[in-house]
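K.L.:
Could you have a look at this structure, given as C-alpha cells, before my questions?
The values are calculated or read from the model by the stated rules, or taken from the named source; none is laboratory data. Bear in mind the structure is a predicted one, so any value in this text is a computation, not a measurement. Cβ sites come from the backbone with ideal geometry, for glycine too, and all protein chains shown count toward neighbours. To get the accessible areas, we keep the full protein, side chains included, count just its heavy atoms, and leave off ligands, DNA and RNA. Shrake-Rupley method; radii C 1.70, N 1.55, O 1.52, S 1.80 Å.
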Amino acid sequence: ATCSAQCWHATRRRPTVAPARNSKGVHVYMGATAFGVTSLVFVTGGGTKLSPYWNPKAKSVYRGVCAEEYQKEVLPILLQEGNRLFKGTRWAQSWILQQDNARPHVDAGTLRFLEQEMRGRLLKWPAASPDLSWIENLWAWMEKELRKQSSHFRTAEELRTALMDVHKRIPHAHLLHYVSSMPGRLLRCIDKQGEMI
C-alpha cells in the first residue's frame, strides 16, 4: 500500500491547485492499493485547519503536519484501512506500507510506531524519487477531475466536498493500471541510473 498527502487551495482567480496568498485550502492524506483506496484523512495545513500541536522551537502551533499529528491522526487510520483493504487476500498479514521521506514520515517516533505496528513491513524509500510513487498519478487524476467540476472553488468546504465526491469515483481499473506500471517504472529508472523517467 502506498500513502501520500496532497494540498489543494480554493481561490477566486487562480486554478484549483495553485496556492495563493490568503487562500483557503485542504491538506489531505490517502492510501491506495490495487484493492482500493483508504478514506481521505484531512489534516493541518492548507489554510483551513489549525494544528492542535505545539512547536516548542517556534513557540507557536505547527503550521503544517507535524510528526505527532501524523502518528496520532493519520497513521492509525491508514493502517486500519490498509488491513481492511487487504483482508481476505494472501497479503493480509504481509502487506507493506510505502511512504515518502517527508519529515513526519521519517521522525524517530513515527519509525518506532511503525516498527511496533508493522513489524518490518515498512518499505525503505530512496530520496527524491517521486517517479516511483504511483499514488502521484492518482492524485493527478483526482486533480483533473476536480478541474472538470470547476476551475475555481470559492471556499475550502466546497473544495473538500468536491474532493470527497471525486474520491468516491476513483475507477478500480486505474488502481490496477498504476500498480502494474511499477515493474516498468523500476526498469526505466535503472536504465536512467536514477534520473527522472
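K.L.:
Considering only the stretch 144-175, state which residues are among the charged types (D, E, K, R), in contact with a helix residue (DSSP H, G or I) (Cβ under 9 Å, 6 or more places away or on another chain) and surrounded by 13 or more Cβ atoms within 10 Å (Cβ to Cβ).
P.N.:
The answer is GLU145, and nothing else.
K.L.:
Can you confirm whether the stretch 173-185 contains a residue that is within 19 Å of the chain's Cα centre (by Cα) and among the basic types (Lys, Arg)?
P.N.:
So far as the stretch 173-185 goes, no, none of its residues is within 19 Å of the chain's Cα centre (by Cα) and among the basic types (Lys, Arg).
K.L.:
Then there is this: Kindly evaluate ASP107 against the criterion of being of a type in the set (Asp, Glu) and within 24 Å of PHE35 (Cβ to Cβ).
P.N.:
In short, no.
K.L.:
May I pose another question? Against the condition farther than 19 Å from GLY82 by Cα and touching a residue at least 24 places away in the same chain (Cβ under 8 Å), how does LEU159 come out, does it pass?
P.N.:
Taking the combined requirement at face value, the residue satisfies it.
K.L.:
Count, please, the residues in the stretch 49-59 that happen to be open to solvent by less than 70 Å² (accessible area, probe 1.4 Å) and either among the hydroxyl-bearing types (Ser, Thr, Tyr) or on the phi > 0 side of the Ramachandran plot (or both).
P.N.:
2
K.L.:
Sticking with this one: Tell me, which strands (runs of 3 or more DSSP E) wholly within the stretch 1-46 include 2 or more residues that are hydrophobic (A, V, I, L, M, F, W, C), touching a helix residue (DSSP H, G or I) at 6+ places or on another chain (Cβ under 7 Å) and modelled with pLDDT of 70 or more?
P.N.:
24-33, 41-43
Rundown of residues vs (1) of a type outside the set (Gly, Ala, Ser); (2) touching a strand residue (DSSP E or B) at 6+ places or on another chain (Cβ under 9 Å); (3) within 15 Å of THR33 (Cβ to Cβ), yes/no style:
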| site | (1), (2), (3) |
| --- | --- |
| PRO76 | yes, no, no |
| GLN93 | yes, no, yes |
| ARG103 | yes, no, no |
| MET142 | yes, yes, no |
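K.L.:
Just checking, which of TYR29, TYR62 is surrounded by 13 or more Cβ atoms within 10 Å (Cβ to Cβ), touching a residue at least 40 places away in the same chain (Cβ under 8 Å) and closer than 26 Å to ALA156 by Cα?
P.N.:
TYR29
K.L.:
Taking the stretch 176-185 only, how many residues are open to solvent by less than 80 Å² (accessible area, probe 1.4 Å) and aliphatic (A, V, I, L, M)?
P.N.:
Of the residues in that region, 2 qualify.
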